[in-house]
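Okay, structure first, notes after.
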Amino acid sequence: MSLKNAKRIVFKVGTSTLTHQNGKPDFKTIDQLARILSDLKNDERQVVLVSSGAIAVGVDRMGLTQKPDTVVEKQAAAAIGQCELMFIYDKFFSEYNKTVAQVLMTRDVVEKVDGRKNVVNTLEELLRYDAIPIVNENDTVATDEILTNDIFGDNDTLSAIVADCVRADLLVIITDIDGLYDQNPKEHADARKIDIVREVTPALFETAGGAGTWRGTGGMVTKLQAAQIAMQAGVDMAIISGRDLDDIYRLLNGENIGTVFQAPDRAQ
């Protein structure tokens, strides 16, 4: 399927895109994201946003200079930050006459048949009411990701699960790098971006680095894991940079942007 024809799209945005280097919210980027997603809805596309950033925003509101070490402090930061993050999203999306809805999830919910069914029903109903569901892991009560930093991988895996749940046409992961490279571009000047991936192989995992910045927990490994989930569900996926969010338009117009993972039954 051509990305131009994608009608139901899940967008995942990471903490490093939503915040400045000091951890404070990047209002310019958030506003631009809200404008573009609202515009896509005006173009009769359905949109789901999976957003990280609650802990980072909470850390800023608590007056801390970096993410705390203890689980309870991180959970407190998540509780404070999630409230602030939704306030920010509601403010910016309201400027474009769009309604947002908060959906907090934990892994145990989506792993249970009844829990997954409830998630699917809720998301479908929100989309029917023309709302934009904003999904995040419920870090206030869930400790898995906080303890291990590899459960939802800064929501990378969660976004793929959500894309599967809503039977999305496309998952777009917006991050701090413009795609998947054949080697670490920060260490190798001759690294080349991979434009299209039709199979996630062990060799691709070997090219991926570790976790991201202190503000987030994700890295390229978790994005490859997300790609596996999405592709197995028949959902195409793309990794693009958050430095210029207009790349979303370019991607959907069929331009060579980022790295596109083609689901097997959708490969041309």
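The values are calculated or read from the model by the stated rules, or taken from the named source; none is laboratory data. Note that the structure is predicted; figures quoted are calculated from it, not measured. Cβ atoms come from the backbone with ideal geometry, glycine included; neighbour counts cover every protein chain shown.
Structure values in brief
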item: Matching residues, the range 7-25, being over 13 Å from the mean Cα position of the chain (by Cα) and buried (at least 18 other Cβ atoms within 10 Å of the Cβ); result: Thr19, Gly23, Pro25
item: For Ala230: the one exception among (1) of a type outside the set (Phe, Trp, Tyr); (2) in a helix (DSSP H, G or I); (3) more than 26 Å from Val110 (Cβ to Cβ); result: (3)
item: Total residues in the range 238-268, condition of a type in the set (Val, Ile, Thr) and more than 16 Å from the chain's Cα centre (by Cα); result: 1
item: Every pair of residues 6+ apart whose Cβ atoms lie under 9 Å, when the first sits in the range 20-47 and is part of a loop (DSSP other than H, G, I, E, B) and at pLDDT below 95 while the second is surrounded by 17 or more Cβ atoms within 10 Å (Cβ to Cβ) and of a type in the set (D, E, K, R); result: His20/Asp26; Gln21/Arg215; Asn22/Asp60; Gly23/Asp60; Gly23/Lys67; Gly23/Arg215; Lys24/Asp60
item: Unmet requirement for Phe87, which otherwise passes all of (1) within 30 Å of Lys4 (Cα to Cα); (2) within 19 Å of the chain's Cα centre (by Cα); (3) surrounded by fewer than 17 Cβ atoms within 10 Å (Cβ to Cβ); result: (1)
item: Residue in the range 159-172 that is surrounded by fewer than 15 Cβ atoms within 10 Å (Cβ to Cβ) and modelled with pLDDT of 90 or more present; result: yes
item: Residue check for Ile229: at pLDDT 90 or above, farther than 26 Å from Gly23 by Cα, more than 19 Å from the chain's Cα centre (by Cα) and surrounded by fewer than 24 Cβ atoms within 10 Å (Cβ to Cβ); result: no
item: Matching residues, the range 228-268, being of a type in the set (Lys, Arg) and more than 20 Å from Arg45 (Cβ to Cβ); result: Arg243
item: Unmet requirement for Ser16, which otherwise passes all of (1) touching a strand residue (DSSP E or B) at 6+ places or on another chain (Cβ under 9 Å); (2) at pLDDT 95 or above; result: (2)
item: Qualifying residue in the range 52-60 (condition: on the phi > 0 side of the Ramachandran plot, part of a loop (DSSP other than H, G, I, E, B) and buried (at least 18 other Cβ atoms within 10 Å of the Cβ)); result: yes
item: Residues of the range 107-137 satisfying the condition of being not β-branched (Val, Ile, Thr) and not in a helix (DSSP H, G or I); result: Lys112, Tyr129, Asp130, Ala131, Pro133, Asn136, Glu137
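Each row is one residue, and each column tells you yes or no for (1) touching a helix residue (DSSP H, G or I) at 6+ places or on another chain (Cβ under 8 Å); (2) surrounded by 20 or more Cβ atoms within 10 Å (Cβ to Cβ); (3) on the phi < 0 side of the Ramachandran plot.
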| site | (1), (2), (3) |
| --- | --- |
| Val50 | yes, yes, yes |
| Leu64 | yes, no, yes |
| Ala78 | yes, yes, yes |
| Cys83 | no, no, yes |
| Glu95 | yes, no, yes |
| Arg107 | yes, no, yes |
